[in-house]
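**Student:** Submitted below is the structure of interest, expressed as structure tokens.
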Amino acid sequence: MKPTAAEQSLFVVILGAGKGGSALIELLTRCSGIRILGVADSNPDAPGLQLARYHYIPTTSDIAWLVARDEASLIIDVTGDPAIPSLIARHKSPKTEVLGGIAARLIWSLIQAEHEMYEHLAHAEKLSTLGIFTAGIAHEFNNPLHGIMGFSQHLQGETDPAIISEYSREIVTLTRRLSEMTKGLNLYARTGQMPEITDVQIPQLLDEAIKMAAFSTMLDEVTVVRNYAPVPDMQVNPSELHQIFVNLIINAVQAMNARGHLTLSTGVEGGYLTVTIQDTGPGIAPQDLARVFAPFFTTKERGSGTGLGLYIVRTIVNKYGGTIEPVSQSGNGTTFRIQFPLSSAA
Amino acid sequence: MALWPFGVHDREHPSLGVILVVDDEESIRKISRLTLTKAGYEVIEAENGEKAIEVLNTGENPLTVDVILCDIRMPKINGVEAIQYFRTQYPSVPIIVQTGFPDLNLATSLMKQGIVDYLVKPVEKEKLLAAVSKAAEQRTTCNT
């Protein structure tokens, strides 16, 4: 008799929620056919426990209780604690298999290597986008620099206090503009290798992303509509969320040929924090809709995109337990709808 | 929109020429205006390509404008589109591009279309004045 889907699924228990446990959770939650029954760590502040909760995976500090779960097909022990194997042997169900010791270390090394490769890929995608931005960045910097140099040159030899004061104010304004741009670039280009989870205001981050997107294309003829309903702060790495929003906004603006309406919305719906990014472009062709998140899929000209943007967007959204869905009808624009579970809210 | 020139209006001291400054940024137009009027030019301003075309088509401006100083990245009609129009309609008016884009391909393409100089911001005032003076001279030679 053919096994049912539930019988085919692998029910996994993860012991240890440090770096190894976190990497395992990130990888296994992306695999269909694997369900994580629970994650245990004696340290209640272990980072993997928070990540597990993002994904609605039960967490506990009671290792013996989790090990004894009858439906577990596999226990993966990445605690590194020499006392754990005997505890597992005492409590586990006879049919549950155990991956521990050197085998678990090998798996952990492989996962770490995969994780590092992804981090490099995500960073390379950001740098590649920065490369595409180069002309826009030069333009945005050179304009205020031109003003600063011009007003400074005209200040030389000037004796009228009113004029000196006026030109100085202009220089300060232009310098502040440069400084804001540097901050935005720094937020975007920061590497993902040092996770900095912090409370983030989503509307503020969307506004930052619009400024960054302006480096790639003119936004003067794009009407930006902000429908920001109040949402709780999220506990995330701001750099990662910024990357998501910049990518989606640039795609939206490019789809509209830099002319149309860009609507950014935030809200709370049924236990989820929702962000939508909507354009009034021609929409995505039905045959492309299913492939937009596939790595290296692009409809842009060679050299204009890596084809990794939306793949990375979805990976980051999934990392925080969220989902992203494109809604598009040819001729009626595209809406990307992101939902994050409110458990990731601060 | 300033249809009347900033700068020298004294008939006893005629200006060195009339310059149409096209840039979407107010502070950039202000710097250009300061530099050029202090040097003795009259300045007319436009904040995008569409306004520039409108200004150039107004009254005697087609005859009196000596040099167009034009930005590239602007809303509505951008610099590239405006320059195409100027070169077709007013081929004797020299055009200097003053832009934040250090783009060699764009510079080459615009030079082929007949612009006289491509200046990348930030531009020192001496460099701007030298370029404008050379272009105004070219306009005078054309008219004589």
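All of the numbers you see were taken from the coordinates with simple rules; none came from a lab. Keep in mind it's a predicted model, so treat the numbers as computed, not measured. When we count neighbours, we look across all protein chains shown, and the Cβ atoms used for this are built from the backbone with ideal geometry, even at glycine.
**Student:** What's the angle, to the nearest 10 degrees (0 to 90), between helix A:238-255's Cα axis and the longest principal axis of chain A?
**Tutor:** So the helix axis and the longest Cα principal axis differ by about 60 degrees.
**Student:** Something else now. Just tell me how shielded A:25-32 is by partners: mean number of partner chain Cβ atoms within 10 Å of each residue's Cβ, no decimals.
**Tutor:** Per residue, the number of nearby Cβ atoms from other chains is 0 on average.
**Student:** Using the alpha-carbon atoms, what tilt in degrees (0 to 90, nearest 10) does helix B:26-39 show relative to the longest principal axis of chain B?
**Tutor:** It works out to around 40 degrees.
**Student:** Starting from the amide H of residue A:233, placed 1.01 Å from N in the peptide plane, find each other amide H under 5 Å away whose residue is 5 or more places distant or on another chain.
**Tutor:** Those qualifying (amide H under 5 Å, at least 5 residues apart or on another chain) are A:346.
**Student:** Report the charge-dipole magnitude of segment B:18-143 in Debye, nearest 20, computed about the Cα centre from +1 at each Lys and Arg Cβ and -1 at each Asp and Glu Cβ.
**Tutor:** Rounded to the nearest 20 debye, it is 260 debye.
**Student:** Also, quick follow-up: Rounded to whole Hz and in sequence order, give me ³J(HN,Hα) for segment B:113-122 from the Karplus expression 6.51 cos²θ - 1.76 cosθ + 1.60, θ = phi - 60°, writing x for Gly and Pro.
**Tutor:** 7, x, 5, 8, 7, 10, 9, 9, 5, x
**Student:** Still on this model: Rounded to the nearest 20 Debye, what is the dipole magnitude of the protein assembly as shown about its Cα centre when Lys and Arg each give +1 and Asp and Glu each give -1 at the C-beta?
**Tutor:** 1080 debye
**Student:** Based only on the alpha carbon positions, what is the Kirkwood hydrodynamic radius of the protein assembly as shown, in angstrom?
**Tutor:** 26.6 Å
**Student:** Sequence-distant or interchain residues sharing an amide H contact under 5 Å with residue A:34, placed H: which?
**Tutor:** It is A:10, by chain and number.
**Student:** What range in chain A is the longest one free of chymotrypsin sites (Phe, Trp or Tyr not before Pro) that are in a loop by DSSP and have at most 11 other Cβ atoms within 10 angstrom?
**Tutor:** Result for the longest clean stretch: A:57-295.
**Student:** For A:246, B:123, what ranking results if the residue with the fewest other Cβ atoms within 10 Å of its Cβ goes first?
**Tutor:** The fewest-first ordering by Cβ neighbours comes to B:123, A:246.
**Student:** With θ taken as phi - 60° and the coefficients 6.51, -1.76 and 1.60, list the Karplus ³J(HN,Hα) couplings across segment B:128-134 in order, rounded to whole Hz; mark glycine and proline as x.
**Tutor:** Using θ = phi - 60°, the values come out as 4, 5, 5, 5, 5, 4, 5 Hz.
**Student:** Shielding by partners for B:64-73, please: the mean number of other protein chain Cβ atoms within 10 Å of each residue's Cβ.
**Tutor:** Whole-number average of other-chain Cβ neighbours for B:64-73 is 1.
**Student:** Continuing with the same structure: Along the charge dipole of the protein assembly as shown, which of A:209, A:124, B:128 sits closest to the positive end, that is, farthest toward it, with unit charges on the beta carbon of Lys, Arg, Asp and Glu (+1, +1, -1, -1)?
**Tutor:** Projecting each Cα onto the dipole axis, the largest value belongs to A:124.
**Student:** Name the residue from A:48, A:245, A:162 whose Cα lies farthest towards the positive end of the charge dipole of chain A, charges +1 on Cβ of Lys and Arg and -1 on Cβ of Asp and Glu.
**Tutor:** About the Cα centre, the residue reaching furthest to the positive side is A:48.
**Student:** Given A:230, A:12, B:92, which one lies farthest toward the positive end of the charge dipole of the protein assembly as shown, if we put +1 on the Cβ of every Lys and Arg and -1 on the Cβ of every Asp and Glu?
**Tutor:** Going by the charge dipole, the pick is A:12.
**Student:** What angle do you read, to the nearest 10 degrees and between 0 and 90, between the alpha-carbon axis of helix A:309-319 and the longest principal axis of chain A?
**Tutor:** Taking Cα atoms only, the helix is inclined about 50 degrees.
**Student:** Oh, and also: Classify segment B:18-143 as rounded, prolate or oblate from the Cα gyration tensor: take a ≥ b ≥ c as the square roots of its eigenvalues, call it rounded if a/c is under 1.5, otherwise prolate when a/b beats b/c and oblate if not.
**Tutor:** rounded
**Student:** Would you order A:223, B:35, A:274 from fewest to most other beta-carbon atoms within 10 Å of each residue's own beta-carbon?
**Tutor:** Ordered by Cβ neighbours within 10 Å, fewest first: A:223, A:274, B:35.
**Student:** If you take the square roots of the eigenvalues of the alpha-carbon gyration tensor of segment A:5-99 and sort them as a ≥ b ≥ c, do you get rounded (a/c under 1.5), prolate (a/b over b/c) or oblate?
**Tutor:** It comes out oblate by the Cα gyration axes.
**Student:** Amide H neighbours of residue B:45 under 5 Å, at least 5 residues apart or on other chains, H built in the peptide plane: list them.
**Tutor:** Amide H neighbours of residue B:45, under 5 Å, 5+ apart: B:2, B:21.
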